[in-house]
Amino acid sequence: MSVSVTEAGCAAHPELYQHPLLEDDPGRSATVEQRRERSAMTRRATAICAGCCSLRDCLYRAVVEHDVAGFVAGTTEPQRRRMRAMLDVTIGADDLDSLTGVSASPHQVNHAEIVRLRAQNPHMSLETIAQRLGCSLSTVKRHLRRARAEAAGALQEPEPGAEVTPPSPDEVMSARTIVVHGEGARPIGDGKASLVAA
């Protein structure tokens with residue numbers, strides 16, 4: 001599978017990257033058929049990402065700058081969390097309202113309500129939860145990521161005045177290689193894995 005040098009692979013295949021099975025891992029509640037379909041979609045998306053000219057920048061942004069949902073830069077959300085832990089990167093919650101220019105939301109979504117609804121209905125899709133609460137799917141995902149981070153104690157702010165140096169793109173690519181391909185893999189050149197013992 002090849003991707004045009006001028007086009008990001010995910011932009012050319014929204015039906016794949018925005019598919020509910022690829023965006024939100026159904027986990028243990030998935031049927032055998034859903035697992036097979038997700039596995040096939042993951043292999044296809046991985047191949048598209050591997051040939052994408054934006055892989056390095058996309059991965060850096062998804063690991064260091066924003067807590068992105070779904071499958072991004074050939075990685076899943078759990079893989080990016082492991083990469084952040086390796087690189088000692090903490091991502092604060094994005095203020096999506098200010099990013100989009102919204103000054104005041106007419107309908108405030110209660111964080112506890114989203115978490116409670118998900119806990120009581122683990123098999124309910126996130127899209128259904130969003131519809132029930134009258135909010136967007138990304139809002140539900142953002143609140144659930146925040147709840148996971150709070151539970152893991154990951155929402156710690158750096159010491160006031162402490163200088164935080166973000167990892168380099170090379171360090172992020174190296175972390176991706178280790179997380180995705182295993183400890184014995186080493187990045188070579190553009191960050192693609194070589195399964196050579198370290």
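Tabulated results
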quantity	calculated
Total residues in region 124-150, condition small (Gly, Ala, Ser) and in contact with a Pro (Cβ under 8 Å, 6 or more places away or on another chain)	1
Answer residue from region 113-129, given it is open to solvent by less than 60 Å² (accessible area, probe 1.4 Å) and without any contact (Cβ under 8 Å) to a residue 12 or more places away in the chain and is farthest from Asp24 (Cα to Cα) among those	Asn121
Which listed residue is surrounded by 15 or more Cβ atoms within 10 Å (Cβ to Cβ), among the hydrophobic types (A, V, I, L, M, F, W, C) and over 14 Å from the mean Cα position of the chain (by Cα), from Ala8, Ala69	Ala8
Unmet criterion (only one of (1) modelled with pLDDT under 55; (2) of a type in the set (Lys, Arg); (3) more than 24 Å from Glu65 (Cα to Cα)) for Arg132	(1)
Pick from region 70-95, criterion part of a loop (DSSP other than H, G, I, E, B) and of a type outside the set (Gly, Ala, Ser), ranking: nearest to Ala8 (Cα to Cα)	Phe71
Asp67, sole failed condition from (1) part of a loop (DSSP other than H, G, I, E, B); (2) at pLDDT below 80	(2)
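The values are calculated or read from the model by the stated rules, or taken from the named source; none is laboratory data. Worth saying up front: this structure is predicted, and the values here are computed from it rather than measured. Cβ atoms come from the backbone with ideal geometry, glycine included; neighbour counts cover every protein chain shown. The accessibility values were calculated without ligands, DNA or RNA, using every heavy atom of the protein model including side chains. Shrake-Rupley method; radii C 1.70, N 1.55, O 1.52, S 1.80 Å.
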